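I have placed the structure first, in the form of structure tokens, so that the comments after it can refer back to it.
The values are calculated or read from the model by the stated rules, or taken from the named source; none is laboratory data. Because the structure is predicted, anything quoted here is derived from the model rather than measured. Quick reminder, even Gly has a Cβ in these numbers, built from the backbone with ideal geometry, and neighbours come from all protein chains shown. Calculation scope for accessible area: heavy atoms of the full protein, side chains included, ligands and nucleic acids excluded. Shrake-Rupley method; radii C 1.70, N 1.55, O 1.52, S 1.80 Å.
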Amino acid sequence: MADSRYDVVVIGTGPGGYVCAIRAAQLGLKTAVVEKDNTFGGTCLNVGCIPSKALLHASEQFEEAAHAFPKMGIKVGKPSLDLGAMLKFKDDAVDGNVKGVDFLLKKNKVDAVRGVGRIIGPGKVEVKSADGKVQTLETKAIVIATGSDVTRLKGIDIDEKRIVSSTGALTLAKVPEKLIVVGAGVIGLELGSVWRRLGAQVTVVEFLDRIVPGIDLDVAKNFQRLLEKQGIAFKLSSKVTGVDSSGKKLKVTVEPAANDKKDGAVETIETDVVLVAVGRVPYTEGLGLDEAGVKTDNRGRVIVDEHFATNVPGIYAIGDVIAGLMLAHKAEDEGVAVAEILAGQAGHVNYDVIPNVIYTYPELASVGKSEEELKQAGIAYNVGKFPFTANGRAKANQQTEGFVKILADAKTDRVLGVHVLGADAGNMIAEAAVAMEFGASAEDIARTCHAHPTLPEAVKEAALAVGKRAIHM
Ligand code: FAD
Ligand code: NAI
């Protein structure tokens, strides 16, 4: 039985919650976490970032073995798929990571309380464990870090077998012949890529007239072209209005997105699996927010001020359950910030510099503003672009798809946005984030010595291109 008096009780052990608890404990606060699931780590470690990246890595290797190895003179014959072993590889990755969180919580002397947490009053969290036992934790501060859940489509029942969310798409028992993905966002393109690489015929149905909303449009268009070259088909400006699951094959009804648009006919497409990936919603079920008087917005997100405080004194919230990008590292940084605020320090998150990575091939990584956002804000900017076809390392690796694009303030040269479409873009964006955090100009990046031959030289060249003086182009 845990001690019942704490400085902080964090509800949820996703990247927001467990990081917040560790930081609070480091700062000398007596801390507990409450977790309803069997393992720690939340969506990210159990059914999100980690398993999806394990499958993306494994399926990319599978594709490389078939298509890239022969070019490099490596003869392994035609690779065959042992899907069970690949799924176990993914499960092992999850297991290692969730055990890591368990270890870190213990190491930092954070009490872990298993069960569903409910706020029953100021400074009081009731925890009901699976065996029905109830205990009440008393605490000075409560941090809500309960994350998010899948957005469902009206009339389409997710059974996690044939009609799946991302969770079911991580555990399909066999490679579907045909996969329809609803939503050309991050999940749709990452998991669509996994199953395409393993042999599925993938069609992505997207409501908008473009893929990956929020990403710089020029980059998104190039990204779509590269995905199409790999065999992913897109139906833009379209919506799925129903799935008939009565037969052996699913029958999916696809309609033009705009009801008044008469130029696209309603069609029915047969498929084996449908992946619904149309976003996520904050998860606050059973948390007792109404009884506690904690306000939420019209999308169910807990409303907080710049110090992560809700309208009820002593109750804070972070991560996917509040507004903003639904990303693990955003949740983590908020967890650190709120712990520091509770310890009397000046915790802060710079929302202008949150990198965003889509782990497809090639990867798409961005930080800061898109051209559309700058135009809308009326900020004059210069563009520097550099293609990987002109980068020595990319040429050596024969991975020349994509480019780096830097947007810098026309008056001050300050970097306002960096977008990388290319192999390893996710690692390359860290340099841009550090530069932007230090308020770098494009010239600062351009004058920084970059090792040769490396892909990040393309970042330097794009920075040079802002001043129209790229060397290798
Ligand atoms: P969560 O991780 O959702 O954790 C919330 C925790 O709270 C859960 O463990 C839940 O069981 C627990 N909980 C909820 N209610 C209660 C309660 N009442 N009592 C006790 N416990 C409770 N983001 C990235 O940055 N990079 C990626 O590559 C990436 N890939 C993703 C892939 C997929 C398929 C998905 C679905 C998401 C991905 N994300 C990724 C998003 C990322 O997972 C989330 O942004 C992140 O997990 C949010 O962290 P969180 O701590 O706010 O909430
Ligand atoms: P998303 O918000 O990225 O994309 C959803 C897409 O579905 C959008 O393009 C939207 O226009 C479209 N859509 C909405 N309703 C539709 C409809 N009825 N019919 C057709 N299309 C429709 O959401 P997604 O992909 O589900 O991911 C959820 C969250 O998880 C994201 O916010 C993302 O940040 C996070 N995530 C992050 C990853 C990463 O950082 N690499 C990986 C996976 C998820």
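Here are the numbers for the structure shown:
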item: Test set (1) in contact with a Gly (Cβ under 7 Å, 6 or more places away or on another chain); (2) open to solvent by less than 40 Å² (accessible area, probe 1.4 Å) - N97 fails condition number; result: (2)
item: Hits in region 399-434 (condition: farther than 28 Å from E63 by Cα and hydrophobic (A, V, I, L, M, F, W, C)); result: I406, L407, A408, A410, V415, L416, V418, A432, A433, V434
item: Out of D413, D424, sole residue that is acidic (D, E), more than 20 Å from Y359 (Cα to Cα) and modelled with pLDDT of 95 or more; result: D413
item: Failed item in (1) at positive phi; (2) of a type outside the set (D, E, K, R); (3) touching a residue at least 40 places away in the same chain (Cβ under 8 Å), with G293 passing the rest; result: (3)
item: Within region 139-154, considering residues that are open to solvent by less than 70 Å² (accessible area, probe 1.4 Å) and within 12 Å of ligand 2 (Cβ to nearest atom), the one nearest to I22 (Cα to Cα); result: G147
item: Residues of region 293-348 satisfying the condition of being part of a loop (DSSP other than H, G, I, E, B), in contact with a helix residue (DSSP H, G or I) (Cβ under 8 Å, 6 or more places away or on another chain) and of a type in the set (D, E, K, R); result: R301
item: Of all residues making up region 118-138, the number that are within 14 Å of ligand 1 (Cβ to nearest atom) and either open to solvent by less than 50 Å² (accessible area, probe 1.4 Å) or outside the structural domain of G314 (by TED's automatic domain parsing) (or both); result: 7
item: Residue that is farthest from ligand 2 (Cβ to nearest atom) [pool: residues in region 26-59 that are closer than 19 Å to S129 by Cα and among the small types (G, A, S)]; result: A32
item: When residues of region 404-428 are limited to those that are of a type in the set (A, V, I, L, M, F, W, C) and closer than 13 Å to V219 by Cβ, the one surrounded by the most Cβ atoms within 10 Å (Cβ to Cβ); result: V420
item: Subset of region 177-190 [open to solvent by 10 Å² or more (accessible area, probe 1.4 Å) and either modelled with pLDDT under 95 or more than 7 Å from ligand 2 (Cβ to nearest atom) (or both)]; result: E177, K178
item: Pair list, Cβ < 7 Å and 6+ apart or interchain, from region 323-336 residues that are within 7 Å of ligand 2 (Cβ to nearest atom) to residues that are outside any helix (DSSP H, G or I); result: L325/I354; L325/N356; M326/S148; M326/R280; L327/I354; L327/N356
item: Scope region 46-83; condition closer than 30 Å to K36 by Cα, without any contact (Cβ under 8 Å) to a residue 60 or more places away in the chain and open to solvent by 50 Å² or more (accessible area, probe 1.4 Å); matching residues; result: H57
item: Odd one out for Q399, checked against (1) in a loop (DSSP other than H, G, I, E, B); (2) in contact with a helix residue (DSSP H, G or I) (Cβ under 6 Å, 6 or more places away or on another chain); (3) closer than 20 Å to L226 by Cβ; result: (2)
item: In region 113-126, the residues that are at pLDDT 95 or above and either assigned to a strand (DSSP E or B) or of a type in the set (A, V, I, L, M) (or both); result: V113, R114, V116, G117, R118, I119, I120, K124, V125, E126
item: Qualifying position, being open to solvent by 50 Å² or more (accessible area, probe 1.4 Å) and in contact (Cβ under 8 Å) with a residue 40 or more places away in the chain, among E401, E443, E457, E431; result: E401
item: Check on A277, modelled with pLDDT of 95 or more, surrounded by fewer than 17 Cβ atoms within 10 Å (Cβ to Cβ) and among the aliphatic types (A, V, I, L, M); result: no
item: Residue identified as within 16 Å of ligand 1 (Cβ to nearest atom), assigned to a loop (DSSP other than H, G, I, E, B) and either open to solvent by 40 Å² or more (accessible area, probe 1.4 Å) or touching a residue at least 60 places away in the same chain (Cβ under 8 Å) (or both) among T171, T167; result: T171
item: Selected residue (criterion: most open to solvent (accessible area, probe 1.4 Å)) from residues of region 191-230 that are outside any loop (DSSP other than H, G, I, E, B) and of a type in the set (D, E, K, R); result: K229
item: Among residues of region 144-156, those that are touching a residue at least 12 places away in the same chain (Cβ under 8 Å) and more than 13 Å from ligand 1 (Cβ to nearest atom), counted; result: 4
item: Some residue of region 307-322 being open to solvent by 50 Å² or more (accessible area, probe 1.4 Å) and within 24 Å of V281 (Cβ to Cβ); result: yes
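To keep it simple, each residue is scored yes or no on (1) touching a strand residue (DSSP E or B) at 6+ places or on another chain (Cβ under 6 Å); (2) under 30 Å from G132 (Cα atoms).
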| residue | (1), (2) |
| --- | --- |
| A24 | yes, yes |
| F62 | no, no |
| H67 | no, no |
| G84 | no, no |
| K90 | no, no |
| V98 | no, yes |
| K109 | no, yes |
| G117 | yes, yes |
